[in-house]
1. Calculate the FRET efficiency for residue 6 and residue 130 from the Cβ-Cβ distance with a Förster distance of 41 Å, rounded to the nearest 0.05.
2. Would you please report the Å³ per residue occupied by the convex hull of the alpha carbon atoms in the stretch 1-88?
3. What value does the stretch 94-162 have for Rg/Rh, both radii from Cα atoms and Rh as Kirkwood defines it?
4. Measure nothing fancy, just the Cα-based angle from helix 38-72's long axis to the longest principal axis of the chain, in degrees from 0 to 90, nearest 10.
5. For labels at residue 37 and residue 151 in the simple 7 Å Cα→Cβ model, what's the distance in nm?
6. If exposed trypsin sites (Lys or Arg not before Pro) are those in a DSSP loop with at most 12 other Cβ within 10 Å, what is the longest stretch of the chain that has none?
7. Describe numerically, in nm with one decimal, the distance between label points set 7 Å from Cα along Cα→Cβ at residue 107 and at residue 144.
8. Mind sorting out which of (i) 15.8, 47; (ii) 16.1, 54; (iii) 20.1, 67 is the real Rg and Dmax of the Cα atoms in Å computed from the coordinates?
Amino acid sequence: MASRPEELYEEDFYAWTRDQARALRHLAASRPNLALDFPHLIEEVADLGVSQRDAVRSQLRRIIEHCLKLEYSPANDPRAGWYETIIEARTEIEDKISPTIRRGLPKRLPRLWQQARRDTAAAFRLHGEYAAADALPETCPWRLADLLRHDWYPASPHGLSP
């Protein structure tokens, strides 16, 4: 782990925001005579990291949804778009993920899975794919490492892949 704040900023932005917010709280508690809006400054710095973390989670949920569609939908036409969405989401994650955010994903995966499963089932039903909606597994059958890999896709009944 980085020892200096500027190193931490480069290596793990999310951890840096948490560290800096903590340092600002400590400084604010000492009641310095500075023209700084500590409460709002602390909130904004902390929110920067939360936004990055939430963006990674959102993209992972998007990957799960489209992997479910690839594996369970009988539809042919939208498949290329589902692959494109997965590719784009993985690139977004690659740009935003930090070691601290990555360590937190395994704990969050079950909830992301349930949200993606719920939303995918609803989409299937809207398109008349009731059997596909009913076939979705209750728990995630895929490893987190695979979901994040640029060269992995779930089994497809159509045998297609990028």
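1. Values: r = 55 Å, r/R0 = 1.34.
Step by step, r from the Cβ atoms, then E = 0.15.
2. Numbers: hull volume 11.1 nm³, N = 88.
So the per-residue Cα hull volume is 126 Å³.
3. On the way: Rg = 14.2 Å, Rh = 14.0 Å.
Taking Rg over the Kirkwood Rh, I get 1.02.
4. Between helix and principal axis, roughly 10 degrees.
5. 5.0
6. Working: sites that count: 143, 149.
Value returned for the longest uninterrupted segment is 1-142.
7. 1.0
8. The calculated read-out lines up with (iii).
Just so you know, all these numbers are worked out from the coordinates, no wet-lab data involved. What you are looking at is a predicted structure, and each value in this text was computed from that prediction instead of being measured. Note: ideal-geometry Cβ built from the backbone for every residue, glycine included; neighbour counts use all protein chains shown.
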